[in-house]
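Every read-out reported here was derived from the displayed coordinates using simple, explicitly stated rules and does not represent laboratory data. Remember, predicted model here, so these are calculated numbers, not experimental data. For neighbour counting, all protein chains shown are included, and Cβ atoms are generated from backbone atoms with ideal geometry for every residue, glycine included.
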Amino acid sequence: MKETFGEYIRKLRTKNKLTLTQLAAKLDLDSANLSKIENGKREFDEKRLEKLAKVFNLDLEKLKAEFYSDFIAKKLYETNCNNEVFVLAEQKIEYLKQKNLTQSKLKF
C-alpha cells in the first residue's frame with residue numbers, strides 16, 4: 001500500500017459503498033472523527049483494528065502490518081531519519097526475538 005492508512009480506510013469504505021456515517025457507526029466512531037482519520041488529521045486507534053478487519057472481511061495480521069508500517073513511516077518521516085534506521089531496527093528485532101526465545105526456555 002502506498003497510501004496512508006486513512007486513505008486506505010477511505011478506499012475500503014468507498015469501494016464497499018459505505019458512507020462515513022455508516023462506517024463510523026460500525027467502528028463506534030462519530031463521522032467527524034472518521035473523516036479526520038481519512039484526511040490524515042487524526043490517527044486511527046489501533047484498538048479498532050479488529051472491528052475494521054471484521055467490517056471489510058480482512059486478514060487481521062495484514063491489516064496490522066498496514067497500520068504499523070504507516071505509523072513507523074510517519075514517525076521516521078517526521079524526524080527526518082535516514083535508511084540506516086531500518087537496518088538497525090531489523091537487528092534489534094532479531095535481538096529481541098532471540099532474547100525472548102532464550103528467556104522462554106528458562107525454567108524456574
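Quick notes
- In order along segment 21-37, the Karplus-derived 3J(HN,Hα) couplings, from 6.51 cos²θ - 1.76 cosθ + 1.60 at θ = phi - 60°, round to 4, 5, 5, 4, 4, 5, 9, 6, 10, 8, 5, 5, 5, 5, 4, 5, 5 Hz, and Gly and Pro are given as x.
- Percent of alpha-carbon pairs separated by more than 20 Å within the chain: 50
- Segment residue 32-residue 82, extension gain: residue separation times 0.36 nm, minus the distance between their alpha carbons: 14.5 nm
- Per-residue extension of 0.36 nm, minus the Cα-Cα distance of residue 57 and residue 69, leaves a gain of 2.3 nm for this segment.
- Separation between Cα centres of segment 76-106 and segment 1-30, rounded to whole Å: 32
- Residues in segment 44-86 that a label on residue 19 would reach, taking backbone N under 20 Å of a point 7 Å out along Cα→Cβ: 55-56
- Test item: Cα-centred dipole of the chain, Lys/Arg +1 and Asp/Glu -1 on Cβ, debye: 320
- The GNM of the chain, with springs linking C-alpha atoms under 10 angstrom apart, assigns the highest mean-square fluctuation among 89, 73, 65 to 89.
- Distant-in-sequence amide contacts of residue 42, defined by a placed amide H-H separation under 5 Å and a gap of 5 or more residues or a different chain, comprise 37.
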